[in-house]
């Protein structure tokens, strides 16, 4: 899905970060790709597009994004860390045979989980993210 530079900048700024060229470029790749790339994949994708980035810059930017809630991490079948810019509730379906991660969206499941946890976890605890990965 194509996203405009303004959409990417807004998302970065809404997270309280400066919209630097590196951040804009990496987040745009993550928002537009249907896959869940690793840091190394992101560096390759960026460099192949003509926007040269070091692996250190990629890792530092991803850590910053994760701390601000712009991306989530998910392990693939080989336990390699992959990144996802879709931060709303969804389940990751991990195909071990092909080492592919797919997104599965189910609003009803989110409601069931939140309803089940309500009153069972401490009142001061507020889950910012629910992470479910199914491996097949």
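The values are calculated or read from the model by the stated rules, or taken from the named source; none is laboratory data. As the structure is a prediction and not an experimental result, all values here were calculated from the model. Here the Cβ is made from the backbone with ideal geometry for all residues, glycine too, and neighbour counts use every protein chain on show.
Within the bounds of region 21-30, is there any residue that is under 14 Å from the mean Cα position of the chain (by Cα) and within 25 Å of residue 135 (Cβ to Cβ)? Yes, there is a match, as at least one residue in region 21-30 is under 14 Å from the mean Cα position of the chain (by Cα) and within 25 Å of residue 135 (Cβ to Cβ).
Note on region 31-40: among residues that are within 14 Å of the chain's Cα centre (by Cα) and part of a helix (DSSP H, G or I), the one that is surrounded by the fewest Cβ atoms within 10 Å (Cβ to Cβ) is 32.
Can you find a residue in region 90-103 that is touching a strand residue (DSSP E or B) at 6+ places or on another chain (Cβ under 7 Å), in a loop (DSSP other than H, G, I, E, B) and either on the phi > 0 side of the Ramachandran plot or without any contact (Cβ under 8 Å) to a residue 24 or more places away in the chain (or both)? Checked against the condition, which is being touching a strand residue (DSSP E or B) at 6+ places or on another chain (Cβ under 7 Å), in a loop (DSSP other than H, G, I, E, B) and either on the phi > 0 side of the Ramachandran plot or without any contact (Cβ under 8 Å) to a residue 24 or more places away in the chain (or both), region 90-103 yields at least one hit. If the requirement is being out of contact with any strand residue (DSSP E or B) (no Cβ under 9 Å at 6 or more places or on another chain) and over 27 Å from residue 113 (Cβ atoms), which of these qualifies: 38, 54? Within the list 38, 54, the selection yields 54. Per the conditions (1) surrounded by 11 or more Cβ atoms within 10 Å (Cβ to Cβ); (2) assigned to a loop (DSSP other than H, G, I, E, B); (3) over 14 Å from the mean Cα position of the chain (by Cα); (4) free of Cβ contacts under 8 Å to residues at least 24 places away in the same chain, the sole criterion not satisfied by residue 86 is (3).
Residue by residue, here is whether (1) more than 17 Å from residue 63 (Cβ to Cβ); (2) touching a helix residue (DSSP H, G or I) at 6+ places or on another chain (Cβ under 7 Å); (3) at pLDDT 95 or above holds:
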{"site": "1", "(1), (2), (3)": "yes, yes, no"}
{"site": "4", "(1), (2), (3)": "yes, no, no"}
{"site": "8", "(1), (2), (3)": "yes, yes, yes"}
{"site": "17", "(1), (2), (3)": "no, yes, yes"}
{"site": "20", "(1), (2), (3)": "no, no, yes"}
{"site": "28", "(1), (2), (3)": "yes, yes, yes"}
{"site": "35", "(1), (2), (3)": "yes, no, no"}
{"site": "39", "(1), (2), (3)": "no, yes, yes"}
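Among the residues making up region 52-79, those that are surrounded by 15 or more Cβ atoms within 10 Å (Cβ to Cβ) and assigned to a loop (DSSP other than H, G, I, E, B) are 53, 70, 71, 76, 77. When residue 115 is tested against (1) in contact with a helix residue (DSSP H, G or I) (Cβ under 9 Å, 6 or more places away or on another chain); (2) loosely packed, with under 13 Cβ neighbours inside 10 Å, only condition (1) is not met.
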